[in-house]
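One structure is given below, encoded as structure tokens.
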Amino acid sequence: MFGLIGHLTSLEHAQSVARELGYPEYADQGLDFWCSAPPQIVDTIKVKSITGQEIEGRYVESCFLPEMLATRRIKAATRKIINAMAHAQKNGIDITALGGFSSIIFENFKLEQIRQVRNLTLDFKRFTTGNTHTAYIICRQVEEASKQLGINLSDATIAVCGATGDIGSGVCRWLNARTDVKDLLLIARNQERLTGLQEELGRGKILPLEEALPLADIVVWVASMPKGVEIDPASLKQPCLLIDGGYPKNMGNQLQYPGVFVLNGGIVEHALDIDWKIMDIVNMEAPARQLFACFAESMLLEFEKLYTNFSWGRNQITLDKMDLIGQVSQKHGFTPLLLSY
Ligand code: NDP
């Protein structure tokens, strides 16, 4: 059985979902209440591969909210993730993806040091960040959506916001080795890590976000921002392809501007309908078919009976692993979401 540990994007979102799902006792509560709410399994999932194989999974809502980080409720945030992992393991889930901020919190606050949760010893082999599949899908989105817009990568400048992150560094490695992209712009806050990445790649210009945006034909957004930044579309090139893989989204405003194309990043479409409610809740456009690539990674590992933490730690995503997860992704009927204009 596979599992998905997820969270909602804001307190307001959580309150409206609680109302919809029939948990009125959660719907009118503020952040303090969510800080003490235990994890819950709120969905049972059945997925069929195009090979005919069928698997079953569970969605575990961690009750983490990004506002917990913004208001420095770190203890609550870390407890949410550890308790959700313990809940998944206790319920017999073999491989569980740590969606969105779950893996970021796990890494940032070194939660590998907390193995014991009451009477349960966490077995980290049962968890995966899902970031290898996410990085692979974002790279495929760059390659395919640029073709849709007539952008030649050999003439293009790609800015990666969150370049030194786990997903961002994987994306940079792929773009550097597997495409003939003209220029790479590397964006993040920590200069030392940026220089390290630049050395590893042997290329890439380090620029602040506001300087990079007007130069980019394509922007890949994979920064771990609890709240999105507002950008002025008039400052962008035309055409400009913006692939926002953040959860919550890195871009704080909805852009509707001539020549500016926004693609939901790190999202896959499955060839067959999936029997679940959860993608409705996160406002996916085609909830029976579209899902986060990190969630799809745990499904793929379950299909392949690869019960191992395929994606783990930071900056460990290799091209070989991206190839492997990419092959099984295609084999089971997942494709990257593209522009539908
Ligand atoms: P990491 O924590 O590994 O990396 C985050 C990156 O963002 C770092 O480079 C960090 O560098 C940078 N960053 C953070 N804040 C800012 C800022 N204000 N301005 C510029 N750069 C910033 O995160 P992941 O790679 O694991 O995840 C990245 C994003 O992808 C998250 O939003 C996550 O929720 C989302 N995600 C999406 C998935 C999907 O399936 N679509 C799956 C998993 C994650 P520095 O701190 O130096 O600024």
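Among the residues of the range 132-161, those that are surrounded by fewer than 24 Cβ atoms within 10 Å (Cβ to Cβ) and outside any helix (DSSP H, G or I) comprise 149, 150, 151, 152, 156, 157.
For the range 280-294, filtered to residues that are under 16 Å from the mean Cα position of the chain (by Cα) and not in a helix (DSSP H, G or I), the residue that is nearest to the ligand (Cβ to nearest atom) is 292.
Flag: residue 246 matches the condition of being under 30 Å from residue 58 (Cβ atoms) and under 22 Å from the mean Cα position of the chain (by Cα). Picking from residues in the range 102-131 that are near the ligand (Cβ under 10 Å from one of its atoms) and part of a helix (DSSP H, G or I), the one that is farthest from residue 78 (Cα to Cα) is 131. Against the conditions (1) hydrophobic (A, V, I, L, M, F, W, C); (2) touching a strand residue (DSSP E or B) at 6+ places or on another chain (Cβ under 8 Å); (3) without any contact (Cβ under 8 Å) to a residue 40 or more places away in the chain, residue 221 satisfies every one except (3). Residues in the range 326-341 that are surrounded by 18 or more Cβ atoms within 10 Å (Cβ to Cβ) and closer than 16 Å to residue 306 by Cα: 326, 328, 329, 332.
Helices (runs of 4 or more DSSP H) fully within the range 1-96 that include at least 1 residues being of a type outside the set (S, T, N, Q), within 19 Å of the chain's Cα centre (by Cα) and closer than 19 Å to residue 295 by Cα: 74-90. With the condition kept exactly as written, say whether any residue in the range 102-110 is out of contact with any Ser or Thr (no Cβ under 9 Å at 6 or more places or on another chain), closer than 18 Å to residue 171 by Cβ and basic (Lys, Arg). The answer is no; no qualifying residue exists.
Taking the stated definitions as given, is residue 263 surrounded by 16 or more Cβ atoms within 10 Å (Cβ to Cβ), modelled with pLDDT of 95 or more, within 22 Å of the chain's Cα centre (by Cα) and not in a strand (DSSP E or B)? Answer is no for this residue. Out of the range 197-228, which residues are in a helix (DSSP H, G or I), more than 11 Å from the ligand (Cβ to nearest atom) and not acidic (Asp, Glu)? Matches in the range 197-228: 198, 201, 213, 214, 215.
From the list 243, 231, which residue is buried (at least 20 other Cβ atoms within 10 Å of the Cβ) and either more than 16 Å from the ligand (Cβ to nearest atom) or assigned to a loop (DSSP other than H, G, I, E, B) (or both)? Residue meeting the stated conditions: 231. Being buried (at least 18 other Cβ atoms within 10 Å of the Cβ) and more than 11 Å from the ligand (Cβ to nearest atom) is the filter here; which residues of the range 310-320 pass it? Answer for the range 310-320, where residues must be buried (at least 18 other Cβ atoms within 10 Å of the Cβ) and more than 11 Å from the ligand (Cβ to nearest atom): 310, 312.
When the range 162-181 is limited to residues that are outside any helix (DSSP H, G or I), within 14 Å of the ligand (Cβ to nearest atom) and in contact with a helix residue (DSSP H, G or I) (Cβ under 7 Å, 6 or more places away or on another chain), the one that is farthest from residue 263 (Cα to Cα) turns out to be 164. Taken together, 126, 193 contain a single residue that is under 29 Å from residue 38 (Cα atoms), out of contact with any Cys (no Cβ under 6 Å at 6 or more places or on another chain) and at pLDDT 95 or above, which is 126. If you check residue 57 against the conditions, is it within 16 Å of the ligand (Cβ to nearest atom), at pLDDT 95 or above and crowded, with 23+ Cβ neighbours inside 10 Å? Judged against the criteria, residue 57 is a match.
Only one entry in 27, 86, 37, 18 is without any contact (Cβ under 8 Å) to a residue 24 or more places away in the chain, buried (at least 16 other Cβ atoms within 10 Å of the Cβ) and more than 21 Å from residue 165 (Cβ to Cβ), namely 18.
The residues in the range 115-131 that are surrounded by 15 or more Cβ atoms within 10 Å (Cβ to Cβ), over 23 Å from residue 169 (Cβ atoms) and not charged (D, E, K, R) can be counted, and the count is 2.
The values are calculated or read from the model by the stated rules, or taken from the named source; none is laboratory data. Predicted, not measured: the structure shown is a model, and the values here were computed from it. Please note: Cβ atoms are built from the backbone with ideal geometry, for glycine as well, and neighbour counts cover all protein chains shown.
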